[in-house]
Structure formats: structure tokens, C-alpha cells
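Every number in this text was worked out from the coordinates using simple rules, so none of it is lab data. Everything numeric here is computed off the predicted structure, so don't read it as measured data. Neighbour counts are summed over all protein chains in view; Cβ atoms, including those assigned to glycine, are modelled from backbone coordinates with ideal geometry.
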Amino acid sequence: MNTFLTLFTKEFREAWRSLKFVWMPLLFIVLGIMDPLTNYFMEDILGAVGNLPEGFMLTMPELHPIDVLSASTSQFQSIGLVVLVATIASAISRERQNGMATLLYVRPISFTALFMSKWAVASLLGIVSGVAGYAGSLYYTTLLYGSVEYGAFMKMLGTYCIWILFVTAVTLACSAMFNTAISMTLAILLLPFGLMIDSIIGSFWSLSPWKLSAYGVQFISGGTSEYYTATVALTLALMISAVLLGILFSKRNAATAKI
Amino acid sequence: MITVSNLTKTFGAQTVVSNVSFTLETNTATALIGPNGAGKTTTLSMLTGLLAPTSGSIEIAGVKDIRREIGFLPQYPQFYPWLTALEFTEMAAKLSGVPASAAKKEAERVLTFVGLEEAMKKKTVTFSGGMKQRLGMAQAIVHKPKLLLLDEPVSALDPVGRREIMNLLKELQQQTTILYSTHILNDAEEMTDQLLFLRKGELVESGSLTEVRTKFESPRYRIEFATQEDALQFASQSQLSATVTGSSVYVEIIEERPTMQQLLERLVASKFAVTKVERVTASLEEIFMKVAGQ
């Protein structure tokens, strides 16, 4: 536990001083408020810059809060997710490759504590960013499109946090297993790219961690998929497996730390 | 006392360290020397516990988890750029089992000892090579290890930095057992109780500097003559392996060849004007070349 706290302090200081806790939430806030604003002002924007012919008529669809939150979610799940994954995919591998880890690995540390400290800070970063993004989105959604039920919003947010925990666990496990280049590629293939695959051919199955955030958004319309509980359980199971793999491989690969 | 027995490391078919055994007495300094690729760093990484040996064992008398009792300074220590020297050293202390309440104090103590008291609140990203080496030293000794392992501690430093680190090591030698690798033989000559020669992964020679010297040194003498002509003439007459530079002759006496006594008798008989006769001690470098070239 002491080792965990010591390493957590170090991880947190690094993330804090490199301003990750500033720019990552800012990015998510920008992504979150983009959709409610652009959709609301679409007519004006088109009128101002669209160079539309005289008498051109445009019918804008009437958007509901759920549509807007769903659009924001897909922003987080594309750009936001790629940035988050890319930021943490080197967390373990880079330290091994440049030799910074050597000075820690020669000490009697527990690799469980080492992995957990990284996972805790990465998850904290992801969750703070996700919450900030949704808060921004919610603010303009309620202002411009109508109110959202508090309980349903919290359920959606909670579901998204589970997804973030899954993302950070899988990404760090990749980082523990491979060098930075491979870990980055693999994590991006598994997570943002996996989401894309799931959205293209995912209609053939219902149980998939990649569907979790979509199920979360459905809470806003009053009820979610019947597969929600099973999907959460599956996601948590995969997350725990990723954590175990990550711990195992950070220990096994310790000898590859550059001296 | 630290006992290393039959340490072996193979990577695939390649044997990098083969059957290396030695003991380190408490509070002594041992130099691990050998040409590049001899297995010095691999041996040190096995001693740190970072690399598991293929076979063999490392024991510190009376210690269970040897990682607690080891301080390690790699050749090019890398630090977390966002942390200050004090934060890093304090973390190192805690991770090595120094109680949290004492860690900061201990960190300040060793940083002052290595001469970083002015810079301890600065981020390590601003540190020069010499400062990094000193910080590396501080993190290696903050938990008062029984065994201090240093990989080429001064090779990358300028003469001033080298002197500072050598002085620190000499002070540390009073309190802890030191094993360091080096290919700079002057440094090994300056501070060593025991020499370990590695070549192609094997321990080819060991012992104190004097022991190794006696073993590898054939007695050599330098004779200075009044003129160069005398020197050249003596060299050709003497039937010894002799090299002439200026007006001095280096004579090497190999086994059954004449002793000092006989050499002097010959000199007297030759009637040349001799100005100086001295015995030359081989430098570690010459011994090194001999051992490495065996």
C-alpha cells in the first residue's frame, strides 16, 4: 500500500505538471459543447457562410436532448478516445525503453502497485475529462434543447466511466506487454478502431464492450437495452483480465528495462 | 560478505556470462574490468536482480531479499523530468523501505553529501551530466545499502566530475561494499582492493592489484646512459629484449633471463657511463592488455 501511494504520488505529479489534467478536460469540453452549439446555430451558420441561392429552403430536424448527447458521445468516442489512448499507451513501455524504470525496478517494489498506480492516474485523467466533456455538453443541451432527467444523466455518466476504466486498463496492458510502437498501434486498433468495426457490423451481436457507451446514452430516452447488465458484466470481466495481464507482463518485462 | 557463485547468463545460444564466482569482503572496493562486451553490465544487472541468472546464486550474508540491500547506479541514469531531485530521491528512499517519516530527511542528507544541496528543489530536466551522475549516486545510497553497484560511474564525465565522484566513492568505501565496472584503468588503480577481470563472459583473473601485478609483470628496468650511442650499443650487445628511446634503454627480464644483480654486473663490465637505473612497475593498462590478449 505504501509503495502504491508513493508511486501514485509520482504518477500524479508527472501528469499534473505536464498539464495533462488541464488540456485533456479542455479537449473534452470543446468536443462536448461543439455539437449542441453547431446544431442549434446551423441555420445561421449556413446562412452566413453557405453562399446559398436565393429562396433556398432548409428544414432542420428537430433535435431532442438525447440526439445531442448521443452526438457528443460519438465525439468523445472518436477524437477524444484516440487522444486518451495515445497519451497513455506509452506509460509503461516508454519508461522501460529510455531507462527511467531501471532505477525503480532494482528496488523491492511490487509490480501490482506499479501497474495500479498507473491505472489509477490514467483512469482519473480519463474520468475527469469525460465528466468535464459531458458537463459542457449537458449545459448547452439543457439551455438550448430542453431538460434532461438528472438520474438518467448520472446513469449515462456512470456507464461512460466504466468504459473509461476498461479503455485505460486495456491500453496499459498493451503498454506493459509491448514496446511503445506496438502498444500504441494495438491499443488504437482495439479501442477506437474496434468501435468503428462494431458500429459497422455490430448489428449481428448485442454483447460487446464497444456498445457500452451507446447503451449508456439510451438511459436518457427512459430505458436502456436488455443487454445492458450483461454488457457491463462482460466489460468488467475483460477489464479485470486486462489488469491481471498488465501486472503479469510489467513484471515479466522488467528485465527489458534499458540499463 | 557477498558471495557470488557460478553465475551464468545465456541469451539463446549465446553465453554472455559464464560460471563467474567471487566474494566481496565487507567495506571493500572491487573493480570489475574488461574490454567492451565482456559481460560487465550483464553481471551487474544480475546482481541488481533486474536480470534473472540462468544459473548460479548471489548471497549477502544474513539478508533475505537482496534487493533491499542493493544500491545501483547505471551508466546513464535517466530521471523523471517533471520531478525535482529531492522528490525523486525521497521516492527512491521510500521504495527501498526507508520509513515515510524519515525519507525526506534521508534524501536531503544524501543530496547534500553528493553536493546537490543548492539544486535539490530543481527539476531534473535542468540537470547537467555531472549533476545527473551525482543525483544517481544519491538515489543509490539513500537507503544505506550493504552493496553499492556502479556501472561505469565516471566514464562519461569530464575530469572535474570524475574527481568529484571518485572522492565521493572513497568516502563511501568506509561504510559500504562497492563493486564498480570500468574500462578506465587509472580509476581502478586509484581505488580498489580487488580486481576482477572479465573476458568474453569469463572471470579470467582476480585478486588484489599487487597480486595481479606480481603475476603478470615480468621485471623491467630502465637504464639511462650518458649518450644515445652508449644506449644503442648496450642494447645490441646485451641480447635482452631492449627498447631504446633517447638515451634510455628499457630492458625486460623474462624468466630465466638475468636478475637485477646480473644486469648490474653486466652494466659495470660494459664500462658505459650509466646515469640511472630504475625498476619500472607495470601500469594496470599493460596488465589489462596482457590479460585481454591471452
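Annotation for region B:88-131: GluC sites (Glu not before Pro) lying in DSSP loop with at most 10 further Cβ atoms inside 10 Å of their Cβ are B:E118.
Seen against the Cα atoms of chain B and their longest principal axis, helix B:85-95 is set at about 80 degrees.
Rounded, prolate or oblate: pick one for region B:118-157, where a ≥ b ≥ c are the square roots of the eigenvalues of its C-alpha gyration tensor, a/c under 1.5 means rounded, and failing that, prolate if a/b is larger than b/c, else oblate.
Numbers: a/c = 3.44, a/b = 1.33, b/c = 2.59.
Because a/c hits 1.5 or more and a/b fails to exceed b/c, region B:118-157 counts as oblate.
Angle of helix A:228-252 to the longest C-alpha principal axis of chain A, folded into 0 to 90 degrees and rounded to 10: 30°. Per 5 Å bin from zero, what fraction in whole % of the C-alpha pairs of region B:144-207 is there, up to the bin with the longest pair? It works out to 4, 15, 28, 26, 16, 9, 2, in whole percents. Every Cα-Cα pair in the protein assembly as shown was counted, and those over 43 Å apart are 42% of them.
Report the convex hull volume per residue for region B:2-213, counting only C-alpha atoms, in Å³. All intermediate terms of the calculation are to be shown ahead of the outcome.
Values: hull volume 25.4 nm³, N = 212.
With only Cα atoms used, region B:2-213 gives 120 Å³ per residue.
Across region A:208-224, coupling constants 3J(HN,Hα) worked out from phi with the 6.51/-1.76/1.60 Karplus curve, θ = phi - 60°, read 6, x, 6, 8, 4, 5, 5, 4, x, 4, 4, 4, 4, 7, x, x, 10 Hz, and Gly and Pro carry x. Size descriptors for region B:138-294 (Cα atoms only): Rg and Dmax, in that order, 20.9, 67 Å. Counting only Cα atoms, the size of chain A along its three principal axes is 74, 40, 32 Å, in decreasing order. Between the Cα long axis of helix A:20-40 and the first principal axis of chain A there is an angle of about 20°, rounded to the nearest 10. Measuring against 27 Å, Cα to Cα, the residue pairs B:K40/B:K94; B:K64/B:K132; B:K121/B:K144; A:K10/B:K105; A:K20/B:K123; B:K144/B:K200 contain B:K40/B:K94; B:K64/B:K132; B:K144/B:K200 as the ones spanning a longer distance.
For the protein assembly as shown, give me the percentage of DSSP beta bridges that are antiparallel, rounded to the nearest 5 percent. Kindly include the intermediate steps, with their values, before the conclusion.
On the way: 34 of 52 bridges.
In the protein assembly as shown, DSSP labels about 65 percent of beta bridges as antiparallel.
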